[in-house]
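The values are calculated or read from the model by the stated rules, or taken from the named source; none is laboratory data. Source: prediction; values computed, not measured. Because the Cβ atoms are built from the backbone with ideal geometry, glycine has one as well, and the counts that use them run over all protein chains shown.
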Amino acid sequence: MGFKKRMICILFILIFSALVPLSLHPGTYDLNVIDTPKTHTSYKGDLRFDFTMYDRGGILGSAVLAITDFAFLGVYFDIGQVIGSEPMEWNQPGVLARFLVSDGSTFLPQIAIGYSYFMRGEINKVKGVTVNGLYVVGSSSFFLAGNEQSFTYGIRYPIIPLSYSMPEHMSVFIGVDMEFSPVFGMKGEIENVKFSTEWWYNAYYNFAFDFNIVDMINMSVEFKYSPSINTLIRLLRIGYTTQF
């Protein structure tokens, strides 16, 4: 029965991916810097699908719909150990939301508030539950290599699981999103920075290489490391965007 469920899940993801009409423009719909959020909320009617394969054969998928130019809503599902011989783990699904507070056209920088999972994969789960919570994120632009690049910074506060929702688990993140050409970009960030003297030990140092193979397909290869786990975690993300 476990094998049948695994095959049905993989088949569903493959069929779903193949049926999605694609119209991705390079660099336009990149909603996240690796795991940490950005201020970008896409354009009204944009429908974004993401599938991430993480450690131990798990898959985190999400669907996000831009309800206006300044806000989007979405859902995500997380299934652990889809690939491999171990029994699959059907984890609690969650919601995604982001609202743009300032678009940077005034004296304020771009600022957004939202709700999301914190990190993908087993490392973010507390008693088997993916950590979710509120965040405030800001971004600033700078020019390098002939393109406009983005510097992102923000703060997160966990809400789920409730036993983890404490001020001491609040964290800070910073990230840089650099686009060198319409088909290639690099990203880096430091996340899970706690307000403690050993913040460097618990923080995660993440890097990603972003590829637009064709106008229709966006793919990222991501690497995550923290001294607290002393291992390199690899993730593969594939994204699709279409108009609703």
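Looking at the range 85-138 only, could you name the residues that are aromatic (Phe, Trp, Tyr), closer than 28 Å to Arg234 by Cβ and at pLDDT below 85? Before the answer, list the steps.
Of all residues in the range 85-138, those aromatic (Phe, Trp, Tyr) come to 90, 99, 107, 115, 117-118, 135.
Remaining after also requiring closer than 28 Å to Arg234 by Cβ: 90, 115, 117-118, 135.
Matches in the range 85-138: Trp90 only.
The set of residues from the range 223-237 being out of contact with any helix residue (DSSP H, G or I) (no Cβ under 6 Å at 6 or more places or on another chain) and either under 22 Å from Pro158 (Cα atoms) or in a loop (DSSP other than H, G, I, E, B) (or both) comprises Lys224, Tyr225, Ser226, Ile229, Asn230. Remark: pairs (first residue in the range 189-202, closer than 17 Å to Phe118 by Cα and without any contact (Cβ under 8 Å) to a residue 60 or more places away in the chain; second residue part of a loop (DSSP other than H, G, I, E, B) and not aliphatic (A, V, I, L, M); Cβ separation under 9 Å; 6+ apart in sequence or on different chains) = Asn202/Lys194; Asn202/Ser196; Asn202/Pro227; Asn202/Ser228.
Out of Tyr240, Tyr225, one residue alone is closer than 24 Å to Ala66 by Cα, touching a Phe, Trp or Tyr at 6+ places or on another chain (Cβ under 6 Å) and in contact (Cβ under 8 Å) with a residue 12 or more places away in the chain. It is Tyr240. Scanning the range 208-244 for residues that are among the hydroxyl-bearing types (Ser, Thr, Tyr) and in contact with an Asp or Glu (Cβ under 7 Å, 6 or more places away or on another chain) gives Ser220, Thr241.
Gly84 passes every criterion in (1) closer than 27 Å to Gly61 by Cβ; (2) crowded, with 16+ Cβ neighbours inside 10 Å apart from (2). Taking the range 203-222 as the range and being loosely packed, with under 15 Cβ neighbours inside 10 Å and either in a loop (DSSP other than H, G, I, E, B) or not hydrophobic (A, V, I, L, M, F, W, C) (or both) as the test, only Asp215 passes.
Of everything in the range 188-202, what is more than 14 Å from Glu168 (Cα to Cα) and surrounded by 21 or more Cβ atoms within 10 Å (Cβ to Cβ)? Give them in sequence order.
Going residue by residue through the range 188-202, those that are more than 14 Å from Glu168 (Cα to Cα) are 188-191, 200-201.
Across the range 188-202, the qualifying residues are Glu189, Glu191.
A residue that is closer than 19 Å to Val64 by Cβ and aliphatic (A, V, I, L, M) occurs somewhere in the range 137-154. In the set (1) outside any loop (DSSP other than H, G, I, E, B); (2) closer than 21 Å to Ala208 by Cβ; (3) modelled with pLDDT of 80 or more, Phe77 fails one condition alone, (2).
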